[in-house]
Structures are given as structure tokens and as C-alpha cells.
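The values are calculated or read from the model by the stated rules, or taken from the named source; none is laboratory data. Because the structure is predicted, anything quoted here is derived from the model rather than measured. Positions of Cβ are backbone-derived with ideal geometry, glycine not excepted, and every protein chain shown enters the neighbour counts. For the accessible areas, the whole protein counts, side chains as well, though only heavy atoms, and no ligand, DNA or RNA atoms are used. Shrake-Rupley method; radii C 1.70, N 1.55, O 1.52, S 1.80 Å.
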Amino acid sequence: MTNPPPPSLGYSTVTPSNSDSSTPQPDKNSAPPPTMLPGAPRFPPPKLQQDQIPSPFFQNPNLLSPANGVRSPLPHLSTPLGPPVFKSPVRPAAVPFRTSPATPQPIAFSSGSTLPTSSPPHFLNGSVELQHQVPLATEDSTLVNESSCALFSAHKVLKQKKLTNVPSLGFGALFSPGREIFPGPQILQRDPHRCHNCGAYANLYCKILLGSGQWQCVICQKLNGSEGEYVAPSKEDLRNFPELSSPIVDYVQTGNKRPGFIPVSDSRMSAPVVLVIDDCLDEPHLQHLQSSLHAFADSLPPTARIGIILYGRTVSVYDFSEESMASADVLPGDKSPIQESLKALIYGTGVYLSPMHASKEVAHKIFSSLRPYKSNIAEALRDRCLGTAVEVALAIIRGPSAEMSRGVVKRNGGNSRIIVCAGGPNTYGPGSVPHSFSHPNYPHLEKTALKWMENLGREAHRNNAVVDILCAGTCPVRIPVLQPLAKASGGVLVLHDDFGEAFGVNLQRASSRASGSHGLLEIRCSDDILITQVVGPGEEAHVDTHETFKNDNALCIQMLSVEETQSFAISMETKGDIKSDCVFFQFTVQYTNVYQADISRVVTVRLPTVDSVSAYLESFQDEVAAILIAKRTLLRAKNHSDAMVMRGTIDERIKDIALKFGSLVPKTKLHRFPKELSALPGLLFHLRRGPLLGSIVGHEDERSVLRNLFLNASFDLSLRMVAPRCLMHREGGTFEELPAYDLAMQSDTAVVLDHGTDVFIWLGAELAADEGRSAAALAACRTLAEEITELRFPAPRILAFKEGSSQARYFVSRLIPAHKDPPYEQEARFPQLRSLTAEQRTKLKSSFIHFDDPSFCEWMRSLKVVPPEPS
């Protein structure tokens with residue numbers, strides 16, 4: 001498959017060039033060997049996505065996975081109140097169905113540090129001999145759990161180029177720069193040792209010359225000095241260096257450069273949050289919005305700084321210095337604000353950014369003073385100057401210029417947040433589009449608006465401000481026009497049905513999620529590996545470091561923001577047949593965290609190479625491979641017609657994998673899908689028929705928002721968006737995990753279906769008829785839904801409905817129609833059926849309505865491929 005041409009922004013592909021690039025090498029110092037700082041917080045400190053810490057109330061170890069979204073809120077984060085603790089255990093799925101953990105199994109780091117025979121080492125001293133080098137990583141290295149921010153599609157690499165580079169299967173990795181690691185990474189408050197030739201960092205896989213302290217780079221095999229730091233009597237002594245004993249380390253430089261100084265946690269709140277609120281809402285929407293805004297104000301910590309701006313035909317900037325009433329300065333919205341107006345605003349007597357401990361009551365008065373739209377004009381025809389309002393918000397965040405403040409620029413902790421609460425399109429002032437699509441010049445005006453919005457997003461990014469756009473209501477907001485603003489700034493755009501509960505939760509989570517700034521991702525690989533495509537929230541950065549490193553071939557990516565909810569999908573190929581016993585990958589992300597500390601996180605991975613195709617396939621991680629395939633596919637599905645084409649490529653991919661790696665069934669034209677990849681077809685079938693590529697989502701704008709979110713999302717959220725997780729409520733308050741098949745819709749049960757951005761609760765008709773049982777089951781299901789998505793961002797909709805209701809179709813359409821399969825096939829893939837009586841089986845069978853959607857087995861056989869046996 002050929003890669004699409006790389007767009008320049010956001011959720012795009014970064015197609016590596018041949019230019020050598022990296023970051024400058026830090027100045028060396030003679031610091032003593034590093035030790036862990038006692039009592040120092042781990043970096044990066046708090047993360048948003050709660051998909052990392054398993055709940056102690058779940059008993060099934062297979063369910064203690066990041067995708068479950070269960071963790072305890074950190075005490076120094078401003079977050080909405082969590083749901084009540086849910087103590088009902090979740091039972092494992094009936095065997096043989098595999099309850100796949102959301103976090104892939106740890107990478108089995110290969111043993112030994114033998115040098116690749118195809119690339120002999122270079123020595124700084126000709127008298128040095130190889131036998132004096134000591135490899136630090138051994139056969140029994142148990143370091144895999146710490147490298148979970150780098151998830152590879154396979155834990156081994158096939159030596160044969162022809163099979164490794166089969167495009168239908170592919171090879172690659174998902175890298176989450178801000179993902180929280182357990183246990184936390186080692187912290188070093190000194191400069192790293194880097195290869196003078198290629199810029200790679202010293203790591204646990206390097207060979208060390210004990211007598212001289214020289215270390216051999218695993219990327220280019222050159223020897224480097226350590227200024228005597230690595231001189232040691234034995235290799236055991238070298239393990240005192242965190243970078244030589246752990247696959248992931250964080251190098252930390254604090255803002256004031258004082259040794260041992262760690263900024264206090266409240267400094268993360270110095271970055272302001274500016275609310276930009278639509279002033280053209282009808283009364284029902286406004287009432288919901290006001291409730292959400294009041295709850296938002298109550299959720300903020302005392303140190304948080306807040307600004308409030310309203311926009312319609314004008315821009316109103318609220319002044320917190322007036323405590324007795326809601327007071328605002330008004331600017332025209334038909335054009336960008338002129339410098340004189342901004343100076344009068346910024347250097348005046350008004351206070352437009354204020355800490356909550358001093359302005360909480362004023363904020364509540366402002367929210368209570370909002371009034372519904374008065375004129376009798378349709379929602380879509382109302383004038384909204386959203387672009388001008390964001391420009392004013394940026395000006396307030398920037399504050400006085402460096403010259404006017406005598407060259408002193410206050411450095412905020414992390415990124416500032418501009419959160420737009422939009423109920424309609426931007427139809428007035430810069431970046432606007434006509435009210436009606438029938439405008440004769442609409443295509444040209446829309447193109448102009450897109451470019452203007454993208455430039456505004458880039459300007460926000462240059463000023464360390466992230467723009468999140470939270471849309472709600474029934475009025476179309478023209479997603480294609482607003483998306484570039486959020487994307488270019490490193491923010492997100494989220495659609496809501498209304499300004500109620502889900503909107504309010506996302507408002508709080510958007511403001512509280514930790515976000516680093518000035519992010520730069522560097523990827524270095526062994527010479528045998530070629531990076532062909534990167535999909536994620538960044539763009540290729542051309543950094544010339546040849547003066548420092550002679551042959552730095554790192555791929556550099558400028559990150560728009562650094563958050564735990566992100567990941568980069570990295571596709572790779574081999575340049576030729578591999579001769580060495582292992583290959584190396586090093587990921588380095590440099591950024592400023594919310595504590596105003598400069599972080600360089602270095603993650604080094606070693607994968608063994610094998611000749612056996614079977615061994616290669618057995619090391620495959622089906623879920624990681626499926627998400628890599630999904631991200632590459634969704635990148636090209638820019639509209640509905642593209643999505644239809646991409647569905648066809650999924651079919652061709654399955655057939656090609658079966659042809660290349662499977663076997664032919666004797667006396668037939670059918671191919672067996674390789675048993676080592678048995679879970680992959682099911683995941684891709686969910687992708688093919690789900691909301692990302694299928695026709696479940698009604699409006700193209702909604703699918704576009706889901707697509708952009710998915711291309712940017714962490715592995716955990718991406719997996720749930722592709723393949724829903726099905727949990728059946730049982731008597732006694734327990735839950736059983738089952739395959740996401742329609743056979744779970746049994747009339748006397750309740751089912752929870754987690755599909756990432758939506759969570760559905762389905763109550764069977766027989767259960768719903770019993771008021772007491774149904775109330776208890778619904779309460780348990782709702783509590784579970786809230787717990788497994790606690791602090792997931794964006795917060796999913798939680799919808800509950802009964803069997804036979806019109807809304808139930810949203811639930812049914814996301815389940816595989818396994819009722820169409822023969823009974824023996826149903827029992828093999830859904831063993832829970834064996835627990836039903838004959839009468840219950842008959843009743844279940846009669847409850848299904850026939851439609852043309854194929855089951856998983858029917859789809860596989862239509863491709864001339866035998867469905868894989870359930871694992």
C-alpha cells in the first residue's frame with residue numbers, strides 16, 4: 001500500500017526525509033553518579049487519562065487493563081467528583097473466549113548484547129578489544145513493564161525483508177510520550193551521555209569498557225567517552241546508573257537550575273484557563289450550559305486562574321475587579337482586534353485573568369447573568385464571531401509584551417487552555433463562513449476560513465495555548481471550519497448532544513488534564529530499520545544538529561502538545577535482510593512539563609530477530625497490530641466515499657494475510673488464516689462495520705470528529721473505539737465479560753457495552769418488567785460505566801435503554817450479528833450459551849430481527865478464508 005502524501009499538520013503522516021536531524025547535545029558536566037532524589041515527585045507529574053490504574057474492586061486480573069479506564073484521581077488535580085465506588089467484581093469471560101488485556105503483553109527483551117556482524121564496531125583506540133566490553137542486559141532481564149509507552153506490533157523481527165515488509169500485515173509501534181509508567185521512570189538531574197556520532201543516548205543495552213568507561217552506541221556501534229563516569233570494577237557497579245539499568249529514564253532540568261529544586265505542585269495551576277462562550281443560545285440550552293459552568297467553577301482549585309469571554313456580534317471580556325456585578329469590556333467582532341484596543345484592555349484597570357480564590361463568587365455572578373438570545377432568528381443564521389473571540393483570549397493570555405514589562409516574561413506551567421463552548425458555526429468576522437451553503441461564493445469563503453483558522457491555531461501553539469472546542473446543541477457547527485483551529489493548537493474538538501452532564505464533565509476534564517509544551521519527539525533505529533510513516537499529533541521538524549552529531553539520522557517530530565491521551569503510530573520496514581541477532585529502537589521526547597521542568601524521556605527497546613515465520617507470528621500483538629492498521633486506514637478515510645473504499649481495503653488485507661502467512665485447505669479454494677493471528681480478523685471486522693468506517697454514525701461531521709480523535713488517541717482509547725467491550729450483569733452484582741456479539745442480548749439480563757466515546761446500557765424486556773430487579777441492575781450498570789470511564793477524555797456518553805425501544809438500535813448495530821451462525825459456531829465463539837436452557841435458547845433465537853449485515857463467520861467465508869478458531 002502506498003502512503004498518502006503527507007499533509008503539513010496535526011493528525012497527519014510524517015514521511016521521513018533523508019535529512020539528518022536531532023537536538024543539540026547538552027553541555028557535559030562532571031556530576032557524580034546519579035541517584036534517585038528522595039521524596040522527589042516523578043516526572044511527568046499528573047496525567048489526565050485514568051486508563052492506567054486498575055481498580056482494586058475488580059477481581060479478574062485480565063480486566064486490570066488501561067482500557068478499563070479505572071484509576072484513583074490524583075489529589076492535586078482539579079477533577080469532577082468521581083462516581084461512588086463500585087465493589088462488584090467482574091468475572092472472567094467463559095473459556096475459551098480470551099478476555100484480551102488492553103495493554104499488550106510485555107516485550108520480551110532479547111538477551112545478550114552481541115554486536116551485529118553486518119556492522120563492525122569503530123574504536124576510538126585501536127588497542128581496544130571486544131572482549132573487554134561488558135553487556136549490561138542479560139537473558140533474565142525483567143525490565144519490560146517499564147517500556148509500556150512503546151508498544152510494538154510484534155516482539156520479534158523477521159530477518160527476511162520480503163515477509164517483514166508485507167504491507168497487509170506490516171510492522172510498527174505505538175508510542176505514547178506522556179503515558180504514565182508503573183513503576184515510574186528513574187529521574188536523573190544531570191546531562192545525559194550521548195553518542196558523538198549519531199546523538200543516541202547511553203542505555204542498558206550498551207557495552208561498557210570497564211577500564212576506561214567508554215560505551216558503545218547500539219544505534220551506530222561507535223565508541224564514546226563517559227568522562228570517567230562509567231569506570232567501574234564490575235558490571236554490577238554500573239547498575240547504579242539508572243540509564244544503564246532501566247529501559248526508560250527521565251532527564252530533568254528544573255527552571256531555576258538549582259540542584260535538587262523541585263517546583264511545588266501548585267505551580268501547575270499558573271497556566272490560565274479562558275472560557276470562550278457562545279452568547280447566541282436559546283433558553284433551554286443556556287440553562288444546561290449555566291449549570292455546567294457553575295459546576296466547572298466549583299471544581300477549580302483556588303490557585304487556578306480563569307478568564308471569561310462571551311461572543312456573538314461582539315466580544316465581551318469580563319472584568320473580575322468588579323465584585324458587585326457582572327461587568328465586561330466590549331470589542332467589535334467584525335474584524336480582528338486592533339493593537340490600540342488590546343493595549344487599552346490589557347494596560348487598563350480591569351482584571352481579566354484572576355485566581356479562583358479571589359474570583360469564585362464573581363465567576364458565579366457572571367454565569368448567572370447570561371441571558372438567552374432575544375431576536376427571532378434561526379440558530380444557524382445568528383452572527384457568531386468565534387475567531388475574533390479566540391484572538392482576544394490569546395491577547396489576554398499573552399498579557400503585556402516583553403518590552404513593556406522590562407524584558408521579564410513569566411513562564412506558565414505547561415500550556416494555557418482556551419476552551420470554546422460553541423452552539424453554532426462561526427458566521428461573523430475573521431475565519432467565518434456564510435450562513436447558508438447556497439451562497440454563490442461559499443467554497444472559496446470556506447477555503448479562506450479554513451486557512452485563517454489554521455493560522456490562528458498555529459499562533460495559539462506559538463504562545464503555548466491549546467484551544468479545545470466543545471460543541472453542543474442541534475445547530476450544525478461546520479466541523480471542517482473549526483477543526484483546523486483545535487488541531488493546529490494541539491487541542492481537540494468534541495461534539496455533544498446538549499450542554500448537560502457529558503458536556504459539563506468534559507469541560508472540567510479539558511481544563512484539568514496535564515499538558516506539556518515545546519514537545520519534540522526523536523526516533524532512532526538500527527540501520528536495518530526504515531521508518532515509512534508516522535500518524536499522530538505533530539509534524540516533521542527539521543532540526544540541523546550536524547555541528548554536534550556527525551551522522552544523526554533521527555526522525556524529529558514537533559509535537560503540538562504533550563499529553564497522556566496521545567500516541568504516535570509509527571510504521572516501519574526493513575531495508576534488507578537482517579544479519580544481526582537483534583535490532584534497537586530509541587524514542588526520545590523532550591518537553592516542558594506542567595511543573596516548569598525541562599524533561600527528556602528516553603525509551604530504549606531491543607527486539608530479537610528470527611528466521612522462523614512461525615516464531616515471528618507468535619510474537620505478534622494482535623491488538624497493537626490492529627490499531628496500527630486502523631490508524632493507517634482512517635488517515636485515508638477523509639470522507640464517506642473514502643471510508644467505503646477503505647472498507648474494501650480491510651477485505652483485501654485479510655485475504656492477503658491469509659495468502660502470505662496462512663495455508664490452503666486441502667481440496668478447496670479456501671485459505672486458513674494463521675492461527676497465531678486469530679484475534680486480528682475480529683478486531684478488523686469491528687473496525688470495518690463500526691462508527692469509524694461503517695454507517696452507524698448518521699452525520700458525516702460526527703464521523704469526522706471521531707476520526708480526528710482516533711488518529712490522535714492513546715492505545716487504550718483507540719482499542720475501545722475500534723472494538724467494544726461487552727459486560728453482562730449477573731445476579732449478586734457481578735459482571736461477566738463476553739464477546740461483543742448480539743447473543744448477549746438475553747431478555748433476563750442487563751448488558752454494558754463500552755465503545756470508547758459511547759457507553760451503552762441495555763436492559764432486557766423480561767428484566768425491565770421486574771421493577772425492583774431492573775432498578776438494581778441499572779444502578780449497578782451505571783456505576784460500572786462511570787467507573788470504567790472515570791476521567792476518560794473525552795468523557796463518553798452513557799446511554800441506557802430497554803429492549804425493543806427505538807434507541808436500542810444504537811446498541812444492536814455495534815454488536816456482531818452472531819445469531820445468523822449455526823448453533824455449533826455460536827457455542828464455539830460464545831460459550832455462555834451452553835448455560836441456557838433449551839427454552840431460553842429458543843426464546844433468544846426468536847427475538848432477533850433479520851437484516852442483511854453478515855456475521856463475522858459469513859464475512860470471512862465470503863473472502864474465501866476459513867474463520868480462525870477462537871483463542
Within segment 688-711, residues being over 21 Å from D468 (Cβ atoms) and either at pLDDT 85 or above or touching a helix residue (DSSP H, G or I) at 6+ places or on another chain (Cβ under 8 Å) (or both) number 10
Mind checking which residues of segment 158-175 are open to solvent by 10 Å² or more (accessible area, probe 1.4 Å) and outside any loop (DSSP other than H, G, I, E, B)?
K161, K162, L163
Tell me, yes or no, whether segment 363-370 has at least one residue that is open to solvent by 50 Å² or more (accessible area, probe 1.4 Å) and either not assigned by the TED database to the domain that holds L289 or not polar (S, T, N, Q) (or both).
yes
Quick check, is L520 in contact (Cβ under 8 Å) with a residue 60 or more places away in the chain, of a type outside the set (S, T, N, Q) and closer than 30 Å to G473 by Cα?
no
Has segment 461-479 got any residue that is assigned to a helix (DSSP H, G or I), over 21 Å from R384 (Cα atoms) and modelled with pLDDT under 95?
yes
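Can you confirm whether segment 558-571 contains a residue that is free of Cβ contacts under 8 Å to residues at least 60 places away in the same chain, touching a strand residue (DSSP E or B) at 6+ places or on another chain (Cβ under 9 Å) and not charged (D, E, K, R)?
Yes, there is a match, as at least one residue in segment 558-571 is free of Cβ contacts under 8 Å to residues at least 60 places away in the same chain, touching a strand residue (DSSP E or B) at 6+ places or on another chain (Cβ under 9 Å) and not charged (D, E, K, R).
Just for segment 194-204: of the residues that are touching a Ser or Thr at 6+ places or on another chain (Cβ under 7 Å) and surrounded by 24 or more Cβ atoms within 10 Å (Cβ to Cβ), which one is farthest from A597 (Cα to Cα)? Full working, then the answer.
First pass over segment 194-204, keeping only residues touching a Ser or Thr at 6+ places or on another chain (Cβ under 7 Å): 199, 201, 203-204.
Going one step further and asking which of them are surrounded by 24 or more Cβ atoms within 10 Å (Cβ to Cβ), we end up with 199, 203-204.
Details: G199: 22, N203: 22, L204: 25 Å.
For segment 194-204, the residue satisfying everything is L204.
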Failed item in (1) within 28 Å of R834 (Cα to Cα); (2) out of contact with any Gly (no Cβ under 8 Å at 6 or more places or on another chain); (3) without any contact (Cβ under 8 Å) to a residue 60 or more places away in the chain, with A740 passing the rest
(3)
Determine which single condition V603 fails, assuming it passes every other condition in (1) closer than 13 Å to F171 by Cβ; (2) touching a Pro at 6+ places or on another chain (Cβ under 7 Å); (3) not polar (S, T, N, Q).
(1)
Confirm whether E539 is charged (D, E, K, R), open to solvent by 10 Å² or more (accessible area, probe 1.4 Å), in the same structural domain as V602 (by the TED database) and in contact with a Leu (Cβ under 8 Å, 6 or more places away or on another chain).
yes
One residue is enough: does segment 318-337 have a residue meeting the conditions buried (at least 20 other Cβ atoms within 10 Å of the Cβ), touching a strand residue (DSSP E or B) at 6+ places or on another chain (Cβ under 8 Å) and within 24 Å of N506 (Cβ to Cβ)?
yes
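Which ranges mark the strands (runs of 3 or more DSSP E) fully within segment 707-802 that have 1 or more residues being buried (at least 21 other Cβ atoms within 10 Å of the Cβ)? Spell out how you get there, then give the answer.
Numbers: elements: 725-729, 735-738, 750-754, 758-763, 797-802.
Output list reads 725-729, 735-738, 750-754, 758-763.
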Determine whether segment 454-477 contains at least one residue that is farther than 27 Å from T757 by Cβ, surrounded by fewer than 16 Cβ atoms within 10 Å (Cβ to Cβ), more than 28 Å from the chain's Cα centre (by Cα) and free of Cβ contacts under 8 Å to residues at least 12 places away in the same chain.
no
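Grab the strands (runs of 3 or more DSSP E) fully contained in segment 267-330, keeping just those with 3 or more residues being within 13 Å of I419 (Cβ to Cβ) and either of a type outside the set (K, R) or in contact with a Pro (Cβ under 8 Å, 6 or more places away or on another chain) (or both).
273-278, 305-311
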